[in-house]
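The values are calculated or read from the model by the stated rules, or taken from the named source; none is laboratory data. Being a predicted model, the structure only gives us computed values, none of them experimental. Neighbour counts run over all protein chains shown; Cβ positions are idealised from the backbone, glycine included. SASA here: full protein model, heavy atoms, side chains in, ligands and nucleic acids out. Shrake-Rupley method; radii C 1.70, N 1.55, O 1.52, S 1.80 Å.
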Amino acid sequence: MNVPSDKALVPFVSVEDMLALIHRHGIRNCLAELADMIEADFKRWPAFDKTPRVASHSKAGVIELMPTSDSVDYTFKFVNGHPSNTKVGLQTVTAFGVLASVETGYPELFSEMTLLTALRTAATSAMVTRALAPRTAQTAAIIGNGAQSEFQILALASVCGINEFRLFDIESSATRRCIANLEGQSIGLTACSSIEEAMQGAEVVTTCTADKSYQTILTDNLVGAGLHINAIGGDCPGKTELHRDILLRSEIFVEYPEQTRVEGDIQQLDPDHPVTELRQVLTGEQPGRTSVDQITVFDGVGFAVEDFSAMRWLREKVAQGAPSEMLDLIADPDDPRDLFGMTKRFIHRAEQTA
Ligand code: NAD
């Protein structure tokens with residue numbers, strides 16, 4: 001590419017590029033690799049700068065910035081959550097993000113993250129299910145069959161070997177779409193007409209509904225001994241999915257307590273209610289599931305380290321030739337203190353070519 005030397009180009013992974021990567025690499029490989037990458041980063045937890053995400057709430061939803069860094073890389077994600085958006089043909093969740101060098105502060109990768117968030121969220125649920133669910137689990141219920149659902153199903157299938165799924169959504173068209181999208185994946189998919197029906201025989205349940213209110217997607221009577229719950233749709237103040245009584249008789253696992261206590265289902269509990277940090281289970285510092293009858297809840301809200309892992313994974317893929325475009329994002333004059341000179345050189349070039 002012939003570009004003036006003032007430009008430091010930054011690789012940009014567009015939606016089209018991400019789709020091509022998923023197609024070429026295979027979605028199951030993407031999910032399995034991301035699950036391992038996220039687990040590896042959770043195991044080196046002290047290396048990260050951590051802060052609850054910065055959330056800007058409105059009546060309609062939330063816009064959040066999710067930063068983190070280790071001593072080498074820095075990432076942030078911009079993400080929204082607007083449950084009513086689908087009524088006007090827009091998505092509930094969209095995102096984009098940046099990976100930058102800690103050493104120079106220069107961005108090294110800019111990417112769409114709507115698809116990447118769906119991949120990393122599903123990979124995280126699967127990584128946690130692998131750590132906490134009964135080893136013999138074969139059947140999962142998926143409550144809420146919107147944008148995240150196919151990714152959640154494929155991740156549980158690829159990472160945990162779960163191959164029977166029982167689906168429920170208040171809109172049956174969502175369930176039909178999910179089943180149609182997963183045709184040919186060699187996965188058993190059963191459309192259910194109620195949550196009760198979906199929960200029959202389920203050893204794992206993932207709730208991924210969207211409603212900006214205190215919802216009771218799962219009531220206490222639906223939760224039997226030994227169940228593992230991934231509750232990922234309760235991720236904002238005033239937005240929950242589980243009845244409080246379920247939480248009171250479960251072992252609760254969280255990404256980052258400071259964020260989850262504000263945003264997760266545990267916002268319904270006392271601020272000092274005991275929870276276990278996932279990273280402690282993954283490093284063996286704390287036990288995960290301690291009996292077959294125990295109910296385990298992953299109160300997943302999505303944490304910046306998962307996006308960090310996803311961006312690190314994506315950078316590797318781009319370095320190996322995954323599609324990207326070069327973006328003219330950073331003004332980078334030859335003489336770093338002569339920023340103004342760029343404007344003069346531009347005017348000169350423009351006048352010469354006029
Ligand atoms: P979406 O709007 O595409 O889908 C949500 C689905 O839930 C819809 O099909 C809707 O009909 C269904 N639903 C709503 N209320 C229901 C109920 N009472 N019972 C059954 N189904 C119900 O949203 P999405 O992009 O799939 O996201 C799902 C949820 O996951 C959202 O709340 C989102 O904020 C959250 N999310 C969490 C993370 C995380 O990291 N924890 C990441 C991404 C999204």
Quiz prompt | Residues satisfying the stated conditions in the range 322-354, i.e. hydrophobic (A, V, I, L, M, F, W, C), under 30 Å from LEU19 (Cβ atoms) and open to solvent by less than 60 Å² (accessible area, probe 1.4 Å) | solution = ALA322, LEU327, ILE330
Self-check item: Identity of the residue in the range 123-158, out of contact with any Asp or Glu (no Cβ under 7 Å at 6 or more places or on another chain) and away from the ligand (no atom under 16 Å from the Cβ), that ends up most open to solvent (accessible area, probe 1.4 Å)
Solution: ARG135
Self-check item: Scan of the range 301-323 for residues that are in a helix (DSSP H, G or I) and free of Cβ contacts under 8 Å to residues at least 40 places away in the same chain, ordered by number
Solution: GLU316, ALA319
Self-check item: Criterion (out of contact with any Lys or Arg (no Cβ under 9 Å at 6 or more places or on another chain) and of a type outside the set (S, T, N, Q)) met by exactly one of ALA60, ALA55, ALA95
Solution: ALA55
Quiz item: Which condition breaks for ARG130 when tested against (1) within 28 Å of GLY321 (Cα to Cα); (2) touching a helix residue (DSSP H, G or I) at 6+ places or on another chain (Cβ under 6 Å); (3) not aromatic (Phe, Trp, Tyr)?
Solution: (1)
Quiz prompt | Selection count where residues are near the ligand (Cβ under 10 Å from one of its atoms) and either assigned to a strand (DSSP E or B) or crowded, with 16+ Cβ neighbours inside 10 Å (or both), scope the range 168-195 | solution = 7
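If you check VAL262, VAL275, VAL297, VAL292, which single one turns out to be in contact (Cβ under 8 Å) with a residue 24 or more places away in the chain and in contact with a Ser or Thr (Cβ under 6 Å, 6 or more places away or on another chain)? Reasoning before the result, please.
On the way: VAL262 fails: in contact with a Ser or Thr (Cβ under 6 Å, 6 or more places away or on another chain); VAL275 fails: in contact with a Ser or Thr (Cβ under 6 Å, 6 or more places away or on another chain); VAL292 fails: in contact with a Ser or Thr (Cβ under 6 Å, 6 or more places away or on another chain).
Being in contact (Cβ under 8 Å) with a residue 24 or more places away in the chain and in contact with a Ser or Thr (Cβ under 6 Å, 6 or more places away or on another chain) holds for just one of VAL262, VAL275, VAL297, VAL292, which is VAL297.
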Practice problem: Having 2 or more residues that are open to solvent by less than 10 Å² (accessible area, probe 1.4 Å) is the bar; report the strands (runs of 3 or more DSSP E) wholly within the range 210-300 that clear it. | Solution: 228-231, 240-242, 251-254, 296-299
Quiz item: For residues in the range 230-257 being within 24 Å of PHE151 (Cβ to Cβ) and of a type in the set (D, E, K, R), which is nearest to the ligand (Cβ to nearest atom)?
Solution: ASP235
Quiz prompt | Single residue of the range 76-121 satisfying the filter (open to solvent by less than 30 Å² (accessible area, probe 1.4 Å), of a type in the set (A, V, I, L, M, F, W, C) and within 14 Å of the ligand (Cβ to nearest atom)) that is nearest to GLU325 (Cα to Cα) | solution = MET113
Quiz item: For GLN200, all conditions in the list (1) among the polar types (S, T, N, Q); (2) under 25 Å from ARG289 (Cβ atoms); (3) open to solvent by 60 Å² or more (accessible area, probe 1.4 Å); (4) under 22 Å from the mean Cα position of the chain (by Cα) hold save one; what is the number of the exception?
Solution: (4)
Quiz prompt | All positions within the range 133-152 that are part of a loop (DSSP other than H, G, I, E, B) and out of contact with any helix residue (DSSP H, G or I) (no Cβ under 9 Å at 6 or more places or on another chain) | solution = PRO134, ARG135, THR136, GLN138
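Any residue that is charged (D, E, K, R), part of a helix (DSSP H, G or I) and in contact (Cβ under 8 Å) with a residue 40 or more places away in the chain - is there at least one of those in the range 107-122?
Looking through the range 107-122, at least one residue is charged (D, E, K, R), part of a helix (DSSP H, G or I) and in contact (Cβ under 8 Å) with a residue 40 or more places away in the chain.
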